[in-house]
1. Considering each of Gly298, Gly245, Gly302, Gly290 in turn, give the residue that is closer than 30 Å to Ala416 by Cα, in contact (Cβ under 8 Å) with a residue 40 or more places away in the chain and of a type in the set (Gly, Ala, Ser).
2. Return yes or no: is Lys285 assigned by TED's automatic domain parsing to the domain that holds Gln358, surrounded by fewer than 17 Cβ atoms within 10 Å (Cβ to Cβ), modelled with pLDDT under 95 and of a type in the set (Lys, Arg)?
3. On the basis of being among the small types (Gly, Ala, Ser), part of a helix (DSSP H, G or I) and surrounded by 14 or more Cβ atoms within 10 Å (Cβ to Cβ), does Ala348 make the cut?
4. Within the range 184-211, restricting attention to residues that are in a helix (DSSP H, G or I) and touching a Lys or Arg at 6+ places or on another chain (Cβ under 8 Å), which residue is surrounded by the fewest Cβ atoms within 10 Å (Cβ to Cβ)?
5. Go through the range 121-165 residue by residue and tally those that are under 19 Å from the mean Cα position of the chain (by Cα) and hydrophobic (A, V, I, L, M, F, W, C).
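The values are calculated or read from the model by the stated rules, or taken from the named source; none is laboratory data. Keep in mind it's a predicted model, so treat the numbers as computed, not measured. Positions of Cβ are backbone-derived with ideal geometry, glycine not excepted, and every protein chain shown enters the neighbour counts.
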Amino acid sequence: MSRWNDKLLETTRDYMKSCFGLILALTTSVVCAQTPDSLTVEQAIVQVVDNHPLVRQAAQSVEASLAHLQQKRSAYYPTSDVDLTYTRLDPVGEIAFPGLGSFQMYPEDNYDEHISLHQTVYDFGRTSASVEVNEWNVKSGEKRVDLIKTDLAFQTVQTFYAILFLRQNIEVKDREIDALNEHLSITQKKAQAGTATDFDVLTTQVRIAAEKNRRADIENMLQKQESVFRRLAQLSPNAVITIRGSFEVQQVTLNPDSLLSVAKDDRIEILQAHDQEQMAEADEKLSSIGDRPELRVGLEYGLKNGFFPDLDVWRGNWVAAIDAKIPIFNGFKTENEKEESHAKYLAALEQSRNIERQVQMEVQQAVSDMQTSVQKIETSTLEVQQAEQALSMANIRYSSGVITNLDLIDAQTSLAEAQLSHLDALYKYVISTYTLRKAVGENFIPKH
């Protein structure tokens, strides 16, 4: 019996050392196995941002907006056309003069070739206002691309660290199950020798089965997160995910007022909302001058036949014109457009205010989450230390016959749960850090 107790003591101590070593590693840096092809979180972000269809789709939308802007700018330039016309007339009208014969009024075959040039001279700023609307639309589209990249980067961070977290959870469970199996082996030998009961064996087996079920749940969550990562990174469904990273705890100064000030200046959603305001204001200006006059000039030069008296001879000819278009009544269209654009402008202002309030709330929540995570790390560290001491005491008392097998298993389980709690606090701290960086508008997409 003494030999079995010594074996149990040695097994338990080994278990404690392995748990303590893992906890110490987690406190500083929880690192996955590194391979030459493994991805860091920065590399994962780059891979997702460079390959995701949403980014390419948004970029193409910007290209379309730029092309539309160039269409509006074309109104600054003159337009020119070449017109070629052939007309066959039959019968041909004739005029008869006594003693002189008859004369054709026009030829049977009529040709007209001319080039025209037209230029808008003045339209009361209609073209410039239209260009301004589309310029703000392009700027808003560019910020939308940045916003999509930021959202994808944050999703990548969440998935990346979730995979690390769940893999470490599985390692903890594997260590716990191994220790329980060692304990089961010793308990079975003691039961055969009559120093333990079948109840002790059954209790240990039940605990092993329960921990295996928990491990299976964690494995299922891990597979789901890996599937999300494959979708983000545009990997094949069966691609092996090899990543490396750490849960690093760094001291961060949390000043909500200064963080809110930074967020108002840098948060993409706020900047995009301001672009939408400017675009709505320009559109309101455009609709207010929709019924203003427009002055155009035109010049045409060409060759044609049909000039008297030599109807078949081609002759040069030109036309110059000034065209003034003065709207009088358009069915209240302009007034309705003014009301529509003004309502859109007011809506854009409210949208900006709403986004600013939303950003303020996100910053405050991120700061609160950071503070809570720091407290949990401190608490869970102490909890691990206490659980280690409790397991050490339980092992000694069990070897002395003071406590039961179930009490010792409970002490081992408490240490594993404390370890998982500490790991969870580290994981949430890292996620809170990125959440705060995103909330204040920091660009954490690596440059490449």
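1. On the way: Gly298 fails: closer than 30 Å to Ala416 by Cα; Gly302 fails: closer than 30 Å to Ala416 by Cα; Gly290 fails: closer than 30 Å to Ala416 by Cα.
Exactly one of Gly298, Gly245, Gly302, Gly290 is closer than 30 Å to Ala416 by Cα, in contact (Cβ under 8 Å) with a residue 40 or more places away in the chain and of a type in the set (Gly, Ala, Ser), namely Gly245.
2. When the stated conditions are applied, Lys285 does not pass them.
3. The answer is yes for Ala348.
4. Only one residue fits best here, namely Glu211.
5. Filtering the range 121-165 down to residues under 19 Å from the mean Cα position of the chain (by Cα) leaves 138-162.
Cutting the leftovers down to hydrophobic (A, V, I, L, M, F, W, C) gives us 138, 145, 147-148, 152-154, 157, 160, 162.
Residues flagged as under 19 Å from the mean Cα position of the chain (by Cα) and hydrophobic (A, V, I, L, M, F, W, C) within the range 121-165 amount to 10.
Residue-by-condition table, conditions (1) free of Cβ contacts under 8 Å to residues at least 60 places away in the same chain; (2) within 38 Å of the chain's Cα centre (by Cα):
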| site | (1), (2) |
| --- | --- |
| Glu335 | yes, no |
| Ala347 | no, yes |
| Arg353 | yes, yes |
| Gln364 | no, yes |
| Gln371 | no, yes |
| Glu388 | no, no |
| Arg397 | yes, no |
